[in-house]
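Asker: Here you go, one structure.
The values are calculated or read from the model by the stated rules, or taken from the named source; none is laboratory data. Quick caveat, the model's predicted, so the values are computed rather than measured. Positions of Cβ are backbone-derived with ideal geometry, glycine not excepted, and every protein chain shown enters the neighbour counts.
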DNA sequence: TTGGAATCAGCCCCAGCAAA
DNA sequence: TTTGCTGGGGCTGATTCCAA
């Protein structure tokens, strides 16, 4: 069985709004420069579970990791540089990225396991070839713990490494109904901002002073995200007056941080105001379903209570399944177990209710 | 593709201030 | 008085820009 090779030479092929980063990768230990972050994001825009071919060897099966190749036009557009400069901009970061290891947290053992990000990564003759490490397939695809849906234009527009990293974390919690970002102690924060080595030691000693860490990492990151992402609002901590975060204290010592932010869910929805619906069985003309309708139905299913007068119809329920990709792009997952259970109950109720209506009308 | 210069973010140290 | 936070400023290295 041959490895899949995905080649991208033209610009339209990367013209997509979001890329996904798994929960484990968002909250991993990984130090990358801004250009390395962008190269990684480029691969993540293309990465798909379908690209991992399955090979059967006797009784057992194994997955074969794909190869991604990006041509010079794609790299120039993605990194925002002229073709004459692409070697300078790409060569060194690509070389470093090839050797980077990511620390994935084992929550049971409370330890980080460090694994190389790539099996191979080469920049040669204007082409960047990236082969993700097979050992990280679950983390790349985000099979188990959900993912962060990251707007790629805003992400690339962020110049600070730490702003990119914080932005990925904040994108993981767009919908407050699906959980919120917990408060972190400094050991967690050091890890998530790539400041710990494989032995768990702080590599920059100045950050032992928490005030220095907040001043040079947290505040500039909040400021840059605030300037470049209009859909995200940071809030002021009334007690301390800090913008975007609440310091958690023990006496006078700051022991941790809780980020204070909210996403404008309405604006995210209205940024795609109307979604084209596939023509229904009875009508040949296209209908349209509004984003607000889709989101309303989604919320009703997510918080499903039997026999409520405003519970959705079968058509509304079909609509959200038809537009599951759009919902997913806007942080509304329709594939999690609880949602699917609610969906089954809601559609059973809708069918029963609608057949009852027809019967009572004598049809 | 290479090499050098310019720029700027990140890092570190220090002094002053304030809270416990 | 001690301890921790804040802000200023200099140094370093990564990134960007430009010329060959």
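Asker: Do the conditions hold for residue A:214, that is, is it free of Cβ contacts under 8 Å to residues at least 60 places away in the same chain and in contact with a strand residue (DSSP E or B) (Cβ under 9 Å, 6 or more places away or on another chain)? Even if it seems obvious, please write down each step before you answer.
Answerer: Details: free of Cβ contacts under 8 Å to residues at least 60 places away in the same chain: yes; in contact with a strand residue (DSSP E or B) (Cβ under 9 Å, 6 or more places away or on another chain): yes.
Yes.
Asker: Look through A:152, A:208, A:187, A:139 and report the one residue that is touching a strand residue (DSSP E or B) at 6+ places or on another chain (Cβ under 9 Å), closer than 23 Å to residue A:248 by Cβ and more than 15 Å from DNA strand B (Cβ to nearest atom). Outline the logic, then answer.
Answerer: Numbers: A:152 fails: closer than 23 Å to residue A:248 by Cβ; A:208 fails: more than 15 Å from DNA strand B (Cβ to nearest atom); A:139 fails: closer than 23 Å to residue A:248 by Cβ.
Sole residue among the options that is touching a strand residue (DSSP E or B) at 6+ places or on another chain (Cβ under 9 Å), closer than 23 Å to residue A:248 by Cβ and more than 15 Å from DNA strand B (Cβ to nearest atom): A:187.
Asker: Out of everything in the stretch A:19-33 that is over 17 Å from residue A:190 (Cβ atoms) and assigned to a strand (DSSP E or B), what residue ends up being nearest to DNA strand B (Cβ to nearest atom)?
Answerer: To start, the set of residues in the stretch A:19-33 that are over 17 Å from residue A:190 (Cβ atoms) comprises A:19-25, A:33.
The next check asks that each one be assigned to a strand (DSSP E or B); those that pass are A:19-22.
On the way: A:19: 21, A:20: 24, A:21: 19, A:22: 24 Å.
The residue in question is A:21.
Asker: Is it the case, given these coordinates, that residue A:190 is in the same structural domain as residue A:174 (by TED's automatic domain parsing) and away from DNA strand C (no atom under 11 Å from the Cβ)? Break it down stepwise before answering.
Answerer: Working: in the same structural domain as residue A:174 (by TED's automatic domain parsing): yes; away from DNA strand C (no atom under 11 Å from the Cβ): yes.
For residue A:190, the condition - in the same structural domain as residue A:174 (by TED's automatic domain parsing) and away from DNA strand C (no atom under 11 Å from the Cβ) - is met.
Asker: Kindly provide the set of residues from the stretch A:30-45 that are more than 8 Å from DNA strand C (Cβ to nearest atom), surrounded by fewer than 20 Cβ atoms within 10 Å (Cβ to Cβ) and over 17 Å from residue A:74 (Cα atoms), ordered by number.
Answerer: The one that is more than 8 Å from DNA strand C (Cβ to nearest atom), surrounded by fewer than 20 Cβ atoms within 10 Å (Cβ to Cβ) and over 17 Å from residue A:74 (Cα atoms): A:31.
Asker: Also, I was wondering about something else. I'd like the full set of residues that are exposed (fewer than 12 other Cβ atoms within 10 Å of the Cβ), over 20 Å from residue A:7 (Cβ atoms) and either within 12 Å of DNA strand B (Cβ to nearest atom) or not assigned by TED's automatic domain parsing to the domain that holds residue A:123 (or both), limited to the stretch A:52-84.
Answerer: A:82, A:84
Asker: When you check residue A:222 against the structure, is it surrounded by 18 or more Cβ atoms within 10 Å (Cβ to Cβ), outside the structural domain of residue A:112 (by TED's automatic domain parsing) and either at pLDDT 80 or above or away from DNA strand B (no atom under 16 Å from the Cβ) (or both), yes or no?
Answerer: Numbers: surrounded by 18 or more Cβ atoms within 10 Å (Cβ to Cβ): yes; outside the structural domain of residue A:112 (by TED's automatic domain parsing): yes; either at pLDDT 80 or above or away from DNA strand B (no atom under 16 Å from the Cβ) (or both): yes.
Spelling it out, residue A:222 is indeed surrounded by 18 or more Cβ atoms within 10 Å (Cβ to Cβ), outside the structural domain of residue A:112 (by TED's automatic domain parsing) and either at pLDDT 80 or above or away from DNA strand B (no atom under 16 Å from the Cβ) (or both).
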